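The values are calculated or read from the model by the stated rules, or taken from the named source; none is laboratory data. Predicted, not measured: the structure shown is a model, and the values here were computed from it. Methodologically, a virtual Cβ is constructed for each residue, glycine included, from the backbone with ideal geometry; neighbour enumeration extends over all protein chains shown.
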Amino acid sequence: MKTCVLNPVLGTVLTTAAVYLSHFYGVAAPEFSVKPGKGFVLDARGSTDPDGDSLSYLWFNCPEAGSFKSPIEIDSGKNASDVYIKAPDVERKETAHFNLKVIDEGKPPLTRYKHVTMTILPNELCCNCSGKSLKGQAYAQSCTTIR
């Protein structure tokens, strides 16, 4: 989805970046489940700007939005399009939320946001050895499911 903004000073239309998430085998999943202690990557490297402007990235955890209230560390450098995160250990099913802020370098700079929700399933609710969850959901790498 493109968002357009009319620049009244220049009389031109500005377009925001097309933010593309592809963190699971090229599939953009806004919600997913993961086992405690497993690492995964959130990936926005496919994002582009229709005007050709450079993009800057900021990933951040929003503890207040989920049931898991402790901050979750995001392992990346500044302005990283993809980040590594390790799911925390949990005793019960918990949710954690992450946001991505993408800013283009145009004049004026325009911003887009993407939101990702992670459900952390305790080991007894996650995978059995067949690669299926106990509730029959298909799992991918690191016991991660795409809903």
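Assorted remarks:
- Among the conditions (1) modelled with pLDDT of 80 or more; (2) part of a loop (DSSP other than H, G, I, E, B), the only one that Ser22 does not satisfy is (1).
- All told, Phe60 meets the bar of being farther than 17 Å from Ser22 by Cβ and part of a strand (DSSP E or B).
- Of all residues in segment 76-101, those that are in contact (Cβ under 8 Å) with a residue 40 or more places away in the chain and more than 29 Å from Ser54 (Cα to Cα) have Cβ atoms under 7 Å from Cβ atoms of residues that are β-branched (Val, Ile, Thr) and assigned to a strand (DSSP E or B), 6 or more apart or on another chain, in Ala87/Val34; Ala87/Ile120; Pro88/Ile120; Val90/Ile120.
- Selection from segment 26-70 of residues that are without any contact (Cβ under 8 Å) to a residue 24 or more places away in the chain, farther than 15 Å from Val102 by Cα and surrounded by fewer than 13 Cβ atoms within 10 Å (Cβ to Cβ): Gly26, Glu64, Lys69, Ser70
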